[in-house]
Structures are given as C-alpha cells and as structure tokens.
C-alpha cells in the first residue's frame, strides 16, 4: 500500500456551468421496481432512495489482499449494518460536521455509495478500526479534532488527514455516470489521483466542478454553503491556525 502520498482533490479553475440533472435515484428506483413488481406503493420513490442501499460492489481480489496485508480486519469493506447500528429510525441518513467556524449539515447517500458511507459513518462514530500513528489498530471517533488541511477559495475544502501514512486501508471506488459535481455542496472521497485509493479524507465543493466528474466517489450533499465558503477563504489565505473539526455526528431523520 502506497500510504506515503497524501490523498487530494485536484485544484481546478473552472467557470460555472448549468447544473446537470442527477439521475442515480431514478436508476435505483427502476432496478428496485424490476425486483419487486407488484409492491409499488405511495411514497415508494422516497423509500427507495433512503431505505434500500444497494449491495457493496463486487470485491476486487487485489484490493482485498492489499488491505488484508496491511492488517485491516475488514479488508476495506466495513459493513454498513455495523456502521448504522444503534441509530434511530428515519428516512434520511444525516451527518452534522461541527467546526469552529459553524456547522455543516450533510445528507449521506447509502443507496449509491454504501461502501463509502459505511466507512465514513463507521470512522465518525468510532466503530470502524483504523491504524494510528503508532501503528496500532484503534477504534475512536476519527475526525474529531482534525483540521481542514487543504482548500481553495471558490472550489473546495478538505479534511480527514490523521497520519501521512493513511488509516491502514483503501476503499474501492463507487463512481457512476449519475454522480456529477454539478452544484456546491458535493461531499466526496479524496484520493491519491489513482483508482481505488481513497480511505478517510473527504472534500466538500464550493461550486460545480464538472472537470472532476468520474474521478471521485460522491457520497452525499451538504448545506450551509456560507460556512464552507468561509473555511475555503481562510485556507486559501493560509490563515493560522486553520479551521478545525470539533465533531462529526451521524443520525437518521
């Protein structure tokens, strides 16, 4: 595992374009309808988009072997059921990222990206083990206390770097044509510029960035754009100390 390279989202200067029309939800509904003919009921589209995560993508043997060799007890595939254990019932999976500059409220997408969501939620809740700087595998809230270490004004902010060597695992990509950077507030996994190289770092966009389409797993959308923009401005100006994540809480509503 090449853990020495820091995960990143590339700096891209773009002009704003007209937003596209996301269709991953409609695709999910279509496939669920095929499998449950005769069970369509009022409110089904909402239920399909919030209650029916698709299975994890098929294993890539080389990636599983890499994670196993690194010591990850889950081989890069932390179960979604375990990540969500104990949460209240609800139609939406929500993460509230509390920073010292304000709150950022994000809606997660376990339908399209169950692997990334399971990993993020498991790390945030202290359920998913990771390798700390001493080399030991531990379970504790991963993101609490970390800084926003990278950002560009009018583009994105990025966090999740606890160690330059990474958390001890890498994730399989979950990228589909329906996942596009067509708006501010896209929540995505950062990576090392190669396929299947994300792990714990994530970024939130400040604008639409269509040049990133097809390169990163988008696993949610975030509101509170004014907080994200303020953090991006500070990071771009290299103000010290950098903005910090106080806590990341996950619930269902």
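Since every read-out is calculated from the coordinates, none of them should be taken as a lab result. Being a predicted model, the structure only gives us computed values, none of them experimental. Using ideal geometry, Cβ is built from the backbone for each residue, glycine included, and neighbour counts are taken over all protein chains shown.
Mark the label point 7 Å from the Cα of residue 65 along Cα→Cβ and return the residues of the stretch 143-186 whose backbone N is within less than 18 Å of it. Inside the label zone: 169-172. Looking only at the stretch 94-131, which residues have a backbone nitrogen under 13 Å from a spot 7 Å from the Cα of residue 252 in the C-beta direction? Within reach of a label on residue 252, which here means backbone N under 13 Å from a point 7 Å along Cα→Cβ, the stretch 94-131 contributes 94, 110-111.
Could you work out the relative contact order of the stretch 24-252, using alpha carbon pairs under 8 angstrom and six or more residues apart, expressed as a whole percent?
Numbers: 493 pairs, mean separation 56.2, N = 229.
Over the stretch 24-252, the number comes to 25 percent.
What translational diffusion coefficient, to the nearest whole µm²/s, does the stretch 77-206 have by Stokes-Einstein, given a Kirkwood radius computed over alpha-carbon pairs, a temperature of 20 °C and 1.002 mPa s viscosity? Please list the in-between numbers first.
On the way: Rh = 15.4 Å.
After rounding, the answer is 139 µm²/s.
Between the stretch 190-253 and the stretch 60-80, the alpha-carbon centres lie 25 Å apart. Full extension of the chain between residue 144 and residue 103 yields a length gain of 13.4 nm, computed as 0.36 nm times the residue separation minus the alpha carbon distance. Is the stretch 24-252 rounded, prolate or oblate when judged by the Cα gyration tensor, a ≥ b ≥ c being the square roots of its eigenvalues, rounded requiring a/c under 1.5 and prolate requiring a/b larger than b/c? Oblate is the answer for the stretch 24-252, as a/c is 1.5 or above yet b/c matches or exceeds a/b.
Estimated at 0.36 nm per residue, the fully extended path between residue 85 and residue 194 surpasses their Cα-Cα distance by 36.0 nm. Here the stretch 53-158 carries DSSP beta bridges of which approximately 90% are antiparallel, counting only pairs with both residues inside.
Peptides 170-181, 137-148 ranked from most to least packed give 170-181, 137-148, packing being the mean of other C-beta atoms within 10 angstrom over each peptide's residues.
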